[in-house]
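A.B. asks: The following block contains the structure, expressed as structure tokens.
The values are calculated or read from the model by the stated rules, or taken from the named source; none is laboratory data. Since the model is a prediction, treat every value here as computed from it, not as a measurement. Glycine also receives a Cβ, built like all others from the backbone with ideal geometry; neighbour counts cover every protein chain displayed. Heavy atoms of the whole protein, side chains included, go into the accessibility calculation; ligands, DNA and RNA do not. Shrake-Rupley method; radii C 1.70, N 1.55, O 1.52, S 1.80 Å.
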Amino acid sequence: MRLLSARNLSTHFPIRGGFWRKAVNYVRAVHEVSLDVYPGEVVALVGESGCGKSTLGFSLLGLTPPTSGTIELLGNSIDIQKPSSWKSHRKDFQIIFQDPYTSLNPRLTVFELLSEPLTTHGLVPRSGLREAAADLLRQVGLSPDILDRFPHAFSGGQRQRLCIARALGLKPKLLVCDEVVSALDVSVQAQIVNLLLDLKRDHGLSLLFITHDLSLVRSIADRVLVMYLGSIVETATAADLFRAPHHPYTRALLDSIPTLDPAKKPKPLEGELPSSSNPPPGCVFATRCPRAFDRCRVEVPKLVVDKTRSVACFDPMTKM
Amino acid sequence: MPPAFKSSSSAPLLRVENLSLGFKANGKVTPVTEGVTFEVRPGEVFGLVGESGCGKTVTCLGLLRLLPKVGSAVLSGQAMFEGKDLLHMSDEDLRSVRGAEIAMIFQEPSAAMNPLLPIRSQLLMPFKHHPYNGDPEVRVTKLLRRVGFADPELVLKSYPHELSGGMLQRVMIAHALLLHPKLLLADEPTTALDVTVQAQILELLAEMQRESGLSVVLITHNLNLVAQYASRVAVMYAGRVVEEAPVADFLDNAKHPYSQGLLEALPRLDEAAHVPKPIPGSVPSADKYPSGCRFRDRCPYAFDRCTVVPQWTEISPGHRVACHLFPHPSPSPLPSPSVAMEREGGKGVR
């Protein structure tokens, strides 16, 4: 059974203007996206800043309700017009945010932070809260001695562990990780990635890992979705994607990553991400694509689905 | 490839010697960096690497005396730039060096720009304080084109909030290069940016360096960047330099356990099942540094001698390491500034 399934999901933000504050245009943050997440799977959602990957994550959980499309959580369809319809699923679908410095209330102690979701959902009786919170800290590799301290006393990596502990308390089935390591040092990144992989193995947790860093994706993801300007342009298993990317954008992303091998120079991708309120006609990547030809500039390529992978390109790097 | 230096005997552009900086709190001074020694040669990219809290940024801010006057102190050391000591020259002399001879790119472009002024007035500001032959407007427009803006006029009219992080960072680079500086201190110039923009920015810096012989101190925690763009690297941990080497040598043959840990923590693209290996624990804060080797709490090889501050050992020409795993043949051929500092502690405050 699918944990989460979305079809033709769009999230458009109105740009208002004029005397009556009417919508004069729309920012197409997420446009006609379909995706599935299966139990025990790590799905990576990759793209540059501004491509809509965080909005997609938020929309799937109803934090930014989508404007159209359908969502099924654990097989139950969600009424996307009603924000409250996500409520009964909150426990199973948790999110960790990018910046561990702003996502923890500075006025609550670690104990209060960790016990709040447990009492809200009525999972643990009041008398057992302290033990439950201490147990959560142990799960993420922190000492239970810190229960009465405040978030400011901790480093970025430790705070991110607190955020993970807070989400884990509800025993979620899917954890949406929105750029959870990009604010951290390389050495600490590895700590958090390893922790998430352990949790996946021990609890069968699924992860939707939103990131702009493809080098991490290779280490943790089973499947990768590549997003550009609100649309998914390629999906593949992590192994396939790194072996033979089909979409020129995926190729460009891979080429721009610096490696330890000085002979392999990163190749920058020229140009800027176009504005998502005024996307180019035809293929969204055509303005920066080295392989673009006439058809790309007028016609929108459909996501062509093969057995395990799909690509939206008229002239993929490797023929499917 | 970064150009190899013509001859290693050429005089260094900047020589930082035994630099110790401290912060004052509760009436006492806590040393934050200790005995930092390195040199930057003309036309080279020098990588300064370490985790957050290692003192990389403090060292650079200290060089330009940008740390708050009241809360910080230079405990010892000197920083010779073209024969003048940056740390002890008069404020007036320093002002003529800052921006014109040594420029800095700050970590967070959105926080480093004045939100109330359009880009034009911010970019023209350096010309008001430094002599310049030529038309500032022309120079500004030319550099903006150089950093990849197709329409400089549009950028000049904008306010910082109207530009994206990548665009602001490129504006900052243009700003730093306006007066043809000889040395650029680039503090995590790409940490806040996407990989695609990161490649653009660093390619640009490399071009500038090839064309105008600019020297760059590249501060980063990402060794991949150092491997790609720098010719020499120094690794800092908890306020001390622990290893220094030519980059090629470092990548094949890093000696210090901390350097090795940093290399192993990197995610790899070339290996399918490579899970990055973390360094356990985190950098202690300056008031909680352990005695002796400061890495010993996190070091997998730590043994009893690590409670004593390690001395420098030369592994090969230009490659030195401060670790007891590599005992140096006595008598000491190299100065060991950290030992002296350890005993002196907070003395010598000005």
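A.B. asks: Look at A:Gly40 and say whether it is in a loop (DSSP other than H, G, I, E, B) and either at pLDDT below 95 or under 23 Å from A:Lys82 (Cβ atoms) (or both).
C.D. replies: Yes, satisfied.
A.B. asks: Among the residues of the stretch B:138-180, which ones are over 25 Å from the mean Cα position of the chain (by Cα) and open to solvent by 70 Å² or more (accessible area, probe 1.4 Å)?
C.D. replies: B:Val138, B:Lys142, B:Arg145, B:Ala150, B:Asp151, B:Glu153, B:Leu154, B:Lys157, B:Tyr159, B:His161, B:Glu162
A.B. asks: What pairs come up if the first residue lies in the stretch B:19-41 and is at positive phi and in contact (Cβ under 8 Å) with a residue 40 or more places away in the chain, the second is open to solvent by 40 Å² or more (accessible area, probe 1.4 Å) and assigned to a strand (DSSP E or B), and their beta carbons are under 8 Å apart, counting only those six or more places apart or on different chains?
C.D. replies: B:Gly35/B:Asn18
A.B. asks: Go through the stretch A:176-215 and give me each residue that's outside any loop (DSSP other than H, G, I, E, B), more than 10 Å from chain B (Cβ to nearest Cβ) and surrounded by 19 or more Cβ atoms within 10 Å (Cβ to Cβ).
C.D. replies: A:Val176, A:Cys177, A:Asp178, A:Leu196, A:Ser206, A:Leu207, A:Leu208, A:Phe209, A:Ile210, A:Thr211
A.B. asks: Taking only the stretch B:260-292 into account, find how many residues are farther than 24 Å from A:Gln158 by Cβ and either within 11 Å of chain A (Cβ to nearest Cβ) or buried (at least 21 other Cβ atoms within 10 Å of the Cβ) (or both).
C.D. replies: Residues flagged as farther than 24 Å from A:Gln158 by Cβ and either within 11 Å of chain A (Cβ to nearest Cβ) or buried (at least 21 other Cβ atoms within 10 Å of the Cβ) (or both) within the stretch B:260-292 amount to 7.
A.B. asks: Among the residues in the stretch B:210-217, are any within 14 Å of chain A (Cβ to nearest Cβ), at pLDDT below 90 and open to solvent by 10 Å² or more (accessible area, probe 1.4 Å)?
C.D. replies: Going through the stretch B:210-217, the residues within 14 Å of chain A (Cβ to nearest Cβ) turn out to be B:210.
Cutting the leftovers down to at pLDDT below 90 gives us B:210.
Filter again for open to solvent by 10 Å² or more (accessible area, probe 1.4 Å), leaving B:210.
Scanning the stretch B:210-217 turns up at least one residue that is within 14 Å of chain A (Cβ to nearest Cβ), at pLDDT below 90 and open to solvent by 10 Å² or more (accessible area, probe 1.4 Å).
A.B. asks: Is there a residue in the stretch A:16-25 that is closer than 27 Å to A:His121 by Cβ and surrounded by fewer than 16 Cβ atoms within 10 Å (Cβ to Cβ)?
C.D. replies: Going through the stretch A:16-25, the residues closer than 27 Å to A:His121 by Cβ turn out to be none.
No, every residue in the stretch A:16-25 fails to be closer than 27 Å to A:His121 by Cβ and surrounded by fewer than 16 Cβ atoms within 10 Å (Cβ to Cβ).
A.B. asks: Right, next: Looking only at the stretch B:120-137, which residues are open to solvent by 40 Å² or more (accessible area, probe 1.4 Å) and more than 12 Å from B:His175 (Cα to Cα)?
C.D. replies: Answer for the stretch B:120-137, where residues must be open to solvent by 40 Å² or more (accessible area, probe 1.4 Å) and more than 12 Å from B:His175 (Cα to Cα): B:Lys128, B:His129, B:Pro131, B:Tyr132, B:Asn133, B:Gly134, B:Asp135, B:Glu137.
A.B. asks: Give the residues of the stretch B:117-150 that are touching a Phe, Trp or Tyr at 6+ places or on another chain (Cβ under 8 Å) and closer than 17 Å to B:Pro160 by Cα, sorted by residue number.
C.D. replies: Within the stretch B:117-150, B:Leu117, B:Pro118, B:Ile119 meet the criteria.
A.B. asks: Here is a further query. Would you list the strands (runs of 3 or more DSSP E) that sit entirely within the stretch A:47-158 and hold 3 or more residues that are open to solvent by 40 Å² or more (accessible area, probe 1.4 Å)?
C.D. replies: Of the strands (runs of 3 or more DSSP E) lying wholly inside the stretch A:47-158, those with at least 3 residues that are open to solvent by 40 Å² or more (accessible area, probe 1.4 Å) span A:68-73.
A.B. asks: Quick check, is B:Arg296 at the interface with chain A (Cβ under 8 Å from one of its Cβ atoms), free of Cβ contacts under 8 Å to residues at least 60 places away in the same chain, closer than 24 Å to A:Gly156 by Cβ and open to solvent by 30 Å² or more (accessible area, probe 1.4 Å)?
C.D. replies: Values: at the interface with chain A (Cβ under 8 Å from one of its Cβ atoms): no; free of Cβ contacts under 8 Å to residues at least 60 places away in the same chain: yes; closer than 24 Å to A:Gly156 by Cβ: yes; open to solvent by 30 Å² or more (accessible area, probe 1.4 Å): yes.
Criteria not met by B:Arg296.
A.B. asks: Next question. Quick one: would you say B:Arg305 is of a type in the set (D, E, K, R), at pLDDT 50 or above and in a helix (DSSP H, G or I)?
C.D. replies: Values: of a type in the set (D, E, K, R): yes; at pLDDT 50 or above: yes; in a helix (DSSP H, G or I): yes.
The answer is yes for B:Arg305.
A.B. asks: Condition test on A:Glu41, is it crowded, with 16+ Cβ neighbours inside 10 Å, on the phi < 0 side of the Ramachandran plot, among the acidic types (Asp, Glu) and out of contact with any helix residue (DSSP H, G or I) (no Cβ under 7 Å at 6 or more places or on another chain)?
C.D. replies: yes
A.B. asks: Right, something else. When the stretch B:36-54 is examined, which residues are found to be closer than 21 Å to B:Tyr258 by Cα, open to solvent by 10 Å² or more (accessible area, probe 1.4 Å) and within 14 Å of another protein chain (Cβ to nearest Cβ)?
C.D. replies: Within the stretch B:36-54, B:Ser52, B:Gly53 qualify.
A.B. asks: Which residues, taken from the stretch B:189-204, are open to solvent by less than 10 Å² (accessible area, probe 1.4 Å) and not hydroxyl-bearing (Ser, Thr, Tyr)? Explain how you work it out, then say what you get.
C.D. replies: So the first thing to find is which residues in the stretch B:189-204 are open to solvent by less than 10 Å² (accessible area, probe 1.4 Å), and the list is B:189-190, B:196, B:199, B:201-202.
Hits for the stretch B:189-204 are B:Pro189, B:Ala199, B:Ile201, B:Leu202.
A.B. asks: Name the single residue that is surrounded by the most Cβ atoms within 10 Å (Cβ to Cβ) among those in the stretch A:293-319 being without any contact (Cβ under 8 Å) to a residue 24 or more places away in the chain and over 19 Å from A:Gly230 (Cα atoms). Working first, answer last.
C.D. replies: Within the stretch A:293-319, the subset without any contact (Cβ under 8 Å) to a residue 24 or more places away in the chain is A:293-302, A:304-307, A:319.
Now drop any that are not over 19 Å from A:Gly230 (Cα atoms), which leaves A:293-295, A:306-307, A:319.
Working: A:Phe293: 10, A:Asp294: 9, A:Arg295: 13, A:Asp306: 11, A:Lys307: 6, A:Lys319: 6.
If we take residues in the stretch A:293-319 being without any contact (Cβ under 8 Å) to a residue 24 or more places away in the chain and over 19 Å from A:Gly230 (Cα atoms), then A:Arg295 is surrounded by the most Cβ atoms within 10 Å (Cβ to Cβ).
A.B. asks: Further question: Within the stretch B:242-251, count every residue that is open to solvent by 10 Å² or more (accessible area, probe 1.4 Å) and either more than 8 Å from chain A (Cβ to nearest Cβ) or of a type in the set (Ser, Thr, Tyr) (or both).
C.D. replies: The number of residues fulfilling the criteria is 4.
A.B. asks: Could I ask something else about it? Of the conditions (1) surrounded by 21 or more Cβ atoms within 10 Å (Cβ to Cβ); (2) in contact (Cβ under 8 Å) with a residue 24 or more places away in the chain; (3) within 14 Å of chain B (Cβ to nearest Cβ), A:Gly169 fails just one. Which one is it?
C.D. replies: (3)
A.B. asks: Quick one: B:Tyr229 ticks every box in (1) facing chain A (nearest Cβ under 9 Å); (2) open to solvent by less than 10 Å² (accessible area, probe 1.4 Å); (3) under 19 Å from B:Thr57 (Cβ atoms) bar one, so which box is it?
C.D. replies: Tallying (1) facing chain A (nearest Cβ under 9 Å); (2) open to solvent by less than 10 Å² (accessible area, probe 1.4 Å); (3) under 19 Å from B:Thr57 (Cβ atoms), B:Tyr229 fails exactly one: (2).
A.B. asks: Every residue in the stretch A:1-22 that is farther than 30 Å from A:Gly40 by Cβ, part of a strand (DSSP E or B) and modelled with pLDDT of 85 or more, please.
C.D. replies: A:His12, A:Phe13, A:Pro14, A:Ile15, A:Arg16, A:Lys22
A.B. asks: Also, quick follow-up: Looking only at residues that are in contact with an Asp or Glu (Cβ under 6 Å, 6 or more places away or on another chain) and either outside any loop (DSSP other than H, G, I, E, B) or farther than 25 Å from B:Pro31 by Cα (or both) in the stretch B:77-119, which one is most open to solvent (accessible area, probe 1.4 Å)?
C.D. replies: This residue is B:Gln78.
A.B. asks: From (1) out of contact with any Cys (no Cβ under 8 Å at 6 or more places or on another chain); (2) closer than 16 Å to B:Arg298 by Cα; (3) more than 8 Å from every other protein chain (Cβ to nearest Cβ), pick out the condition that doesn't hold for B:Ala254.
C.D. replies: (2)
A.B. asks: Same structure, new question: Considering every residue within the stretch B:66-75, establish whether at least one is at positive phi, more than 16 Å from the chain's Cα centre (by Cα) and of a type outside the set (A, V, I, L, M, F, W, C).
C.D. replies: Taking the stretch B:66-75 first, the residues at positive phi are none.
No, there is no match, as no residue in the stretch B:66-75 is at positive phi, more than 16 Å from the chain's Cα centre (by Cα) and of a type outside the set (A, V, I, L, M, F, W, C).
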